[in-house]
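Student: Pasting a structure here, questions to come.
Values quoted throughout were computed directly from the atomic coordinates according to the rules given, and no laboratory measurement underlies them. Values in this document were obtained by computation on a predicted structure and should not be read as measured data. Glycine gets a Cβ as well: all are built from the backbone with ideal geometry, and neighbour counts include every protein chain shown.
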């Protein structure tokens with residue numbers, strides 16, 4: 001998949017998260033890295049018709065991250 005196209009699709013998914021108070025974002029629940037990754041994964045997967053999404057990783061610091069994937 002063209003990275004530019006992927007980036008456009010990802011930006012559409014995460015634009016609602018920018019400059020938001022994530023504790024009030026009901027679609028995520030508890031805004032942990034894992035839950036944010038699950039939110040992004042579900043919405044991005046729906047936008048990728050012919051591409052298999054392996055996982056989404058969300059970083060909250062240099063050494064701290066959470067990820068979501070489906071087996």
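Student: Tell me which residues, restricted to the range 7-23, are without any contact (Cβ under 8 Å) to a residue 24 or more places away in the chain and either surrounded by fewer than 11 Cβ atoms within 10 Å (Cβ to Cβ) or part of a helix (DSSP H, G or I) (or both).
Tutor: Hits for the range 7-23 are 7, 8, 11, 15, 18, 19, 21, 22, 23.
Student: How many residues does the range 24-39 contain that are part of a loop (DSSP other than H, G, I, E, B), in contact with a helix residue (DSSP H, G or I) (Cβ under 8 Å, 6 or more places away or on another chain) and within 13 Å of residue 66 (Cβ to Cβ)?
Tutor: Going through the range 24-39 one residue at a time, the tally reaches 2.
Student: Moving on. Considering (1) closer than 20 Å to residue 3 by Cβ; (2) assigned to a helix (DSSP H, G or I); (3) free of Cβ contacts under 8 Å to residues at least 12 places away in the same chain, say which one residue 42 fails and leave the rest.
Tutor: Here residue 42 meets the rest and fails (1).
Student: Which one is surrounded by the fewest Cβ atoms within 10 Å (Cβ to Cβ), of the residues in the range 45-71 that are in a helix (DSSP H, G or I) and out of contact with any helix residue (DSSP H, G or I) (no Cβ under 6 Å at 6 or more places or on another chain)?
Tutor: Once the filter is applied, the top-ranked residue is 46.
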